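Readers should treat all values here as calculations from the given coordinates under stated rules, not as data from a laboratory. Keep in mind that what you see is a predicted model, and the values were worked out from it rather than measured. Backbone-built Cβ (ideal geometry, glycine too); neighbour counts: all protein chains shown.
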Amino acid sequence: MTTMLGVSLAGRDVLFVGGGSVAARRIPRLIEEGAVIRIVAPALGAETTELVEQHGLTWIARSVREEDVSAAWLVHTATGDPRIDADVAAWCESARTFCVNASDGAHGSARLTAETRSGDVVVAVSSDAGVDPRRAARVRNAIAALLDRGALPVRRVRESARGRVALVGGGPGPVDLMTVRARRLIAEADVVIADRLGPVDVLAELDPDVEVVDVGKRPGHHPVPQHEINALIVAHAQAGRRVVRLKGGDPFVFGRGGEEVTACLEAGVPVEVVPGPTSAVSVPQAAGIPVTHRGVSGAMHMVNGQGDLTPATLAALADDAVTTVVLMGVAGLARIVDAALDAGAPASRPVAIVESGHTPQQRTTHTTLATAVADARSVGIRNPAVIVIGEVARLDLLLPVPAAEAAAAG
């Protein structure tokens, strides 16, 4: 019968007997934990030599002696000679020092488990009888996949004195387009402060006692001003809670994430930012529109359609080789089109307006600067929508090249 223990080796002496490939695979894990590592071996393999040089590890170039184990908290022996490994294990038993015997793990007093981590949760897998590292690794990988999807109950039960904040970019909406880290942090959250857009379906996966605060904004309607959102984030974190500020797209792309980070830092609250696919790229992709394309557009200019059009924006609108992507621009479409034409863009410049990207309601309107305003009015364009102005918005851009044309080009 094996009892699993979590043992901290940070700052403690760990002895590796043998410097071959097994040691090379396992030493990095203990370096990461902060162990003080000694290696006793007549010679080192290339990988172990690299670790010694890179991390300044202690290497004693000789055969192991019984006195070597006396100062160690943990000994790992993998000499390739079962008799020597058995001797080391016996010395450790006499010294009451735990020993991992890699030549016959069932006869060692300790085993290295197959581990996976999710934030501050560590899950270790081992076999109770015999040694089967491949099976342990497969079980570990299956658990890791569930942790990555946020499918396991990793949320804290005991409160912590110190809260934290994660600004999570949720991407354009579908839950399966979120990052692994985003899913993990949401699964750990005590409070989720959420926008209207983004992956709101993920909220249905939360425990019933997770507090969800809706601070979603709509055009011309901001029920919770930004300074109050900042205060909410900080207050929950200072109360010892794990806070996720869930945003559509990316927190730092017209998401006011910088203001929220500043509020946390000023209040002394730990904060991290988790990127998400910005709608400026992901929504056009959903409509088959690449924001850059070799030989067509070599640059992208991103614009907040509610703001003033800067000289840089006007230059981008007039440049044949630049794609201008406008977010939050439905209400300002006429102003943007007029500015583009006044800047010298041709009336025939392609325009695509993608509504509700990555949802069943997605709709794309292909038009030109000359007719964009009228076409948008006739079909009833509504937010959320991304406007793409440039040659990449041509309806035929990604159509297959006819065989005869391709042969002539070759």
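For region 1-112, list log₁₀ I(q)/I(0) at each q in 0.15, 0.19, 0.23 Å⁻¹, using the Debye formula over Cα point scatterers of equal strength and ignoring solvent, two decimals each. So the normalised log intensities work out to -0.56, -0.93, -1.40.
Under a model in which nothing but the beta-carbon of Lys, Arg (+1) and Asp, Glu (-1) is charged, the chain shows a dipole of about 460 debye around its Cα centre. The average projected area of the chain, computed from the convex hull of its Cα atoms over all directions, is 28.6 nm². Peptides 118-124, 39-45 ranked from most to least packed, by the mean per-residue count of other Cβ atoms within 10 Å: 39-45, 118-124. Of all beta bridges that DSSP places with both ends in region 1-150, some 25 percent have antiparallel geometry. Each Cα pair under 8 Å and six or more residues apart adds its sequence gap; the mean of these over the residue count of the chain is a relative contact order of 10 percent.
Hey, got the dipole for region 1-112? About the Cα centre, +1 on K and R Cβ, -1 on D and E Cβ, debye to the nearest 20?
Numbers: 10 positive and 14 negative charges, 33 e Å.
Using Cβ point charges on Lys, Arg, Asp and Glu, region 1-112 gives about 160 debye.
Pairs of Cα atoms nearer than 8 Å and 6+ residues apart set the relative contact order; for region 1-112 it is 24 percent.
Quick one: Karplus J couplings for region 39-53, per residue in order, coefficients 6.51, -1.76, 1.60, θ = phi - 60°, nearest Hz, x for Gly and Pro? The phi angles translate into 10, 10, 6, x, 8, 10, x, 4, 5, 5, 4, 5, 5, 4, 5 Hz.
Excluding A345 itself, calculate the net charge of residues whose Cβ lies under 9 Å from the Cβ of A345, where each Lys or Arg counts +1 and each Asp or Glu counts -1.
Working: positive: R349; negative: D319, D320, D342.
Taking every Cβ under 9 Å from that of A345, the sum is -2.
With neighbour counts taken as other beta-carbon atoms within 10 Å, the residues T359, T48, T368 rank, fewest first, as T359, T368, T48. Residues whose amide H falls under 5 Å from that of G357, counting only those 5 or more places apart or on a different chain, are absent, with hydrogens built in the peptide plane. For the pair region 280-321 and region 8-50, the centres of their Cα atoms are 52 angstrom apart.
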